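Trainee: Would you mind keeping the following structure in view while I ask a few things?
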Amino acid sequence: MKSVLVAAAFFALPACATAAPAPPAATIEDTSFVEADGVRAIQMSAWLPASPADVYRAIATVDGWKSWAAPSAFGAVKLHGELETSYDAAAKAGDPTNIKQEFLAVVPDRLVVFRTIKTPPGFPHADLFKQTVTSFHLAPETGGTRLVLTHQGFGAGPGFDQLHGFFADGDRQTLEALQKLFVD
């Protein structure tokens, strides 16, 4: 009997050694930090069960943004391109309540960096928010993509404190929406 168990274990070893590693857990990791000058950055990452090319299409195309971020989107995600978005499905390009981002860097399947240059009327601390920059870094990882969202530029003071609190939650919701897009 003992020799049968040893033989079974011997033949099972190659199967175990060649088994594909399990994908990472679908959790969101918070690695936010404070820069040497005291400026805060929100940083969170999530594993997505999709290729970097598929994730890139979701964050770097108008149709991609419509699939997870906002029902209305207009413009182009490209270097120095501008994208307008609205949570109103009936919005039109140029509407005064649209949000507008300017893209500062775009590297296919790897990186998208933007800053908001227009907020809806009445957006709290809009002048301060326009000083922040958001980046999406993509890297292949075990059967999917690791997406790291970094939102930098939250300085000192009550206005930045309020924005930081709002976007700490909002940026997490962004990653959750992208996870949902690729799981459903």
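The values are calculated or read from the model by the stated rules, or taken from the named source; none is laboratory data. These numbers were taken from a predicted model, which means no experiment stands behind them. No Cβ is skipped: glycine too gets one built from the backbone with ideal geometry, and neighbour counts run over all protein chains shown.
Trainee: State which residue is farthest from residue 36 (Cα to Cα) when the search covers only the stretch 167-184 and only residues that are in a helix (DSSP H, G or I) and free of Cβ contacts under 8 Å to residues at least 40 places away in the same chain.
Mentor: Out of the qualifying residues, it is 173.
Trainee: Is it the case that the stretch 6-15 has a residue that's surrounded by fewer than 10 Cβ atoms within 10 Å (Cβ to Cβ), at pLDDT below 95 and within 30 Å of residue 133 (Cβ to Cβ)?
Mentor: No.
Trainee: Out of the residues in the stretch 139-166 meeting the condition of being assigned to a strand (DSSP E or B) and β-branched (Val, Ile, Thr), tell me which one is surrounded by the fewest Cβ atoms within 10 Å (Cβ to Cβ). I'd like the intermediate steps shown before the answer.
Mentor: As a first pass, look at the stretch 139-166 and keep what is assigned to a strand (DSSP E or B): 139-141, 144-154.
Checking which are β-branched (Val, Ile, Thr) leaves us with 145, 148, 150.
On the way: 145: 23, 148: 17, 150: 19.
Applying the filter and picking the extreme gives 148.
Trainee: Another one. So which residues in the stretch 107-130 are within 19 Å of the chain's Cα centre (by Cα) and of a type in the set (S, T, N, Q)?
Mentor: Of everything in the stretch 107-130, just one residue is within 19 Å of the chain's Cα centre (by Cα) and of a type in the set (S, T, N, Q), namely 116.
Trainee: Return the only residue of 133, 106, 77 being touching a Ser or Thr at 6+ places or on another chain (Cβ under 8 Å) and of a type outside the set (S, T, N, Q). Let's see the steps before the verdict.
Mentor: On the way: 133 fails: touching a Ser or Thr at 6+ places or on another chain (Cβ under 8 Å); 106 fails: touching a Ser or Thr at 6+ places or on another chain (Cβ under 8 Å).
Of the residues listed, the single one that is touching a Ser or Thr at 6+ places or on another chain (Cβ under 8 Å) and of a type outside the set (S, T, N, Q) is 77.
Trainee: How about the stretch 142-184: which of its residues are among the β-branched types (Val, Ile, Thr) and within 12 Å of the chain's Cα centre (by Cα)? Even if it seems obvious, please write down each step before you answer.
Mentor: Step one: filter the stretch 142-184 for residues among the β-branched types (Val, Ile, Thr), giving 142, 145, 148, 150, 174, 183.
Result: 145, 148, 150, 174.
Trainee: Kindly list, by first and then second residue, each pair from a residue in the stretch 46-72 that is without any contact (Cβ under 8 Å) to a residue 40 or more places away in the chain to a residue that is among the aromatic types (Phe, Trp, Tyr), limited to pairs with Cβ atoms under 6 Å and residues at least 6 apart or on different chains.
Mentor: Partner pairs satisfying both residue conditions: 70/87.
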